[in-house]
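Here's the structure we're looking at; comments come further down.
The values are calculated or read from the model by the stated rules, or taken from the named source; none is laboratory data. Quick caveat: nothing in here was measured; it's all calculated off a predicted structure. When we count neighbours, we look across all protein chains shown, and the Cβ atoms used for this are built from the backbone with ideal geometry, even at glycine. Accessible surface areas use protein heavy atoms only, side chains included; no ligands, DNA or RNA. Shrake-Rupley method; radii C 1.70, N 1.55, O 1.52, S 1.80 Å.
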Amino acid sequence: MGVALTGEIITVLVVLVVVIGLFITEIVRVDVVAIIMMVVLPMLGLVTTDEAFSGFSSNAVISIIAVIIIGAGLDKTGVMNKVAAPVISICGGSVTRLVAGVSATVAIISSFMQNIGAAALFLPVTMRVSKQLNIPLSKILMPMGFCAILGGTVTLVGCSPLILLNDLLANSGLEPFGLFSVTPIGLMLVTSGILYFSLFGRFVLPSRTVDGEDTGGALNLLKRYGTVVKIYELSASSDFKHAGKTLAEFQFKNSFLVTVVAIAQSGVENIAISPTRSHRINANDILAVLGHERNVRKLAKQYGFVLKEELEYFREELSSNFAGVTEAIVPPHSPLLGETLRESNFAYKNNISPVILYRNGMVFRAGLSDIPLKPGDALLLYGSWNSFAKISDSPDLLLTSRKQELFEVEKASAALICFAIAIFLVLFRDTLGLPINLSVCLMTGALLMILTKVLSVDQAYRSVDWRTVFLLAGLIPLGVATEKSGTAAYMAHNALMALGEVTPIVLLTVIAILSTIFTLVISNVGATVLLVPLAINMALEAGADPRMAALVVGLATSNSFLLPTHQVNALLMGPGGYTSIDYMKAGSGMTIIFIVITVFGLWLFYGIGG
């Protein structure tokens with residue numbers, strides 16, 4: 001029996017088209033689209049006011065907030081550093097063993113926390129391992145990122161779509177899944193990912209030289225450009241002809257590819273670290289500059305500076321114990337996105353000098369402060385370790401080579417205990433007869449991170465990706481409207497009419513392919529909210545299990561390997577020196593394997609008939 005097309009269904013269909021269009025074109029940010037839904041849907045009478053804001057109290061949203069805070073505590077205490085040691089010892093110098101070891105470790109971490117968090121936590125460790133074993137970073141990061149995404153399918157708390165899944169099932173009156181309901185399929189997916197790169201990695205991963213000269217990432221530019229990070233000391237004589245000029249007027253960076261990292265002014269006690277463009281150079285001033293020796297000599301000759309053979313005035317202040325070079329990645333939700341470093345006053349606010357910007361294989365050494373930043377950009381920065389410590393918890397940048405002393409390793413045990421308590425509650429709440437859901441279990445761990453002073457309250461608040469929170473909370477009412485209005489049933493009926501009579505396996509395969517396509521063009525959360533009600537109704541009309549159809553959507557919206565649109569892929573694109581073609585080449589095989597394994601796993605473990 002067909003579903004009649006009503007005015008309410010037409011309204012919801014128009015809203016869905018607009019939402020998908022906004023997701024694809026990104027005229028406004030995806031989290032703003034979600035906020036628009038919270039306002040527009042009750043105005044159109046499609047949901048009640050309580051339903052419009054129900055997302056903020058949903059189990060899924062609270063769980064994600066808690067998982068992010070727990071991950072921040074583990075990161076701050078350097079727990080991931082301790083994981084690196086056994087990986088190095090087990091893997092030896094083998095690329096295949098290293099890829100398998102790193103990928104498996106990240107997948108395990110990702111199964112209990114957000115996959116973007118797991119990838120971000122393990123990125124610095126992976127870069128250090130790569131450097132220590134002299135293995136190309138480009139051979140490791142993509143497998144690690146793919147397995148971080150795959151690891152999110154091992155438990156119901158590993159990725160946003162699966163966390164959201166039970167809330168969407170509840171809207172349809174269906175029984176929720178348990179924490180490990182997806183584990184058999186998730187483990188098969190992780191294993192297939194590791195085997196895929198172990199067997200075919202040398203064919204599908206971008207070719208890089210073993211000596212690291214072309215392994216991607218800003219830190220590897222040090223080998224390519226040799227002395228680029230060496231500090232030289234220049235002094236202006238008492239009769240300096242260019243006295244009074246500003247750094248902006250000298251244009252050292254554009255003319256000589258030399259960065260002024262410190263100035264000691266004559267008669268001024270304090271040293272200016274990372275001076276601004278308006279800083280004036282006067283007679284008897286002493287400059288610390290960073291660049292090639294030949295370029296520094298050209299600069300000194302042209303302007304009459306005296307080049308010291310070694311550091312004298314800055315010997316202590318700029319020694320490796322107090323200052324140096326580090327790499328930072330622009331994460332997907334950085335507040336700096338779309339801004340230039342100059343517009344954000346980055347150098348002035350943080351006393352840190354940008355040296356190199358690395359993007360998609362291109363190196364910018366001049367004018368980089370005027371280039372709008374994009375996700376995955378790698379920045380080579382110079383500053384004091386104290387300055388880097390101050391921005392280590394900032395959402396602006398992800399530091400990939402933090403000094404060991406910046407980690408509060410003395411709190412690592414406390415962080416692990418907090419994490420273990422949260423997981424214990426998740427696993428045994430039913431056995432202990434505790435009347436609590438997943439969000440309470442995870443929030444207990446997050447609260448303990450604060451009470452044990454692993455994190456301060458402010459650090460916990462700053463760690464949360466509020467864009468993701470609003471995205472989830474705002475799209476939940478859209479799913480409610482799709483279900484309540486009968487739109488999901490209408491779309492499901494017409495989709496099945498187009499397909500004709502199909503077996504459950506074929507139906508689930510079609511849903512998996514549809515979910516994969518959607519997640520490539522819109523967020524995985526958006527795809528889940530839109531497709532779960534549709535999949536449930538398609539299954540009901542076809543006589544298949546609606547829970548299995550919903551599960552396929554929850555899993556397949558993680559099948560995002562063909563393009564660097566997934567947050568994990570965007571994060572690793574810069575450090576790995578990858579291009580979109582690289583993702584298409586490696587991701588096409590992984591995408592097909594994902595769909596095959598998912599459908600096969602449903603047949604094997606859940607008895608889905610053909």
At 1.4 Å probe size, with every protein chain present, just tell me what the per residue accessible area of the chain comes to in Å². 40 Å²
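Averaging sequence separations of C-alpha pairs under 8 Å and six or more residues apart, then dividing by the length of the chain, give the relative contact order as a whole percent.
Across the chain, relative contact order equals 21 percent.
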In the structure shown, do any of Lys253/Lys308; Lys76/Lys230; Lys241/Lys298; Lys139/Lys230; Lys76/Lys390; Lys390/Lys411 have a Cα-Cα gap over 22 Å, and if so which? Lys76/Lys230; Lys139/Lys230
Taking N as the number of residues in the chain, what is its alpha-carbon radius of gyration divided by 2.2 N^0.38 Å? 1.06
Solvent-accessible surface (1.4 angstrom probe) belonging to His242, in square angstrom, nearest 10: 50 Å²
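On a full-extension model of 0.36 nm per residue, what is the gain between Glu309 and Leu16, subtracting their alpha-carbon distance, rounded to one decimal in nm?
So the extension gain works out to 98.8 nm.
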Degrees separating the helix 183-204 axis from the principal Cα axis of the chain, which is the longest one: 50 degrees
Between Ser94 and Glu408, what is the spin-label point distance in nm, taking each point 7 Å from the Cα along the Cα→C-beta axis? 4.0 nm
Taking the Cα atoms of the stretch 466-518, report the difference between the largest and smallest coordinate on each principal axis, in whole Å and largest first. 43, 25, 15
Sequence-distant or interchain residues sharing an amide H contact under 5 Å with Val261, placed H: which? Ala288, Val289, Leu290
Residue span Asn254 to Leu5: 0.36 nm per residue of separation minus Cα-Cα distance leaves a gain in nm of 83.3 nm
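Where the accessible area of the chain is counted over protein heavy atoms with a 1.4 Å probe, how much of it, in %, is carbon and sulfur?
Here it works out to 61 percent.
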Please state the charge dipole magnitude for the chain, taken about the Cα centre, from unit charges on C-beta atoms (+1 on K and R, -1 on D and E), reported in debye and rounded to the nearest 20. 1600 debye
With unit charges on the beta carbons (Lys and Arg positive, Asp and Glu negative) and the dipole taken about the Cα centre of the chain, which residue among Pro143, Pro42, His279 sits farthest to the positive side? His279
Quarter of the surface of the C-alpha convex hull for the stretch 259-352, i.e. direction-averaged projected area in nm², equals 7.6 nm²
By how many degrees, between 0 and 90 and to the nearest 10, does the Cα long axis of helix 487-499 differ from the longest principal axis of the chain? 80 degrees
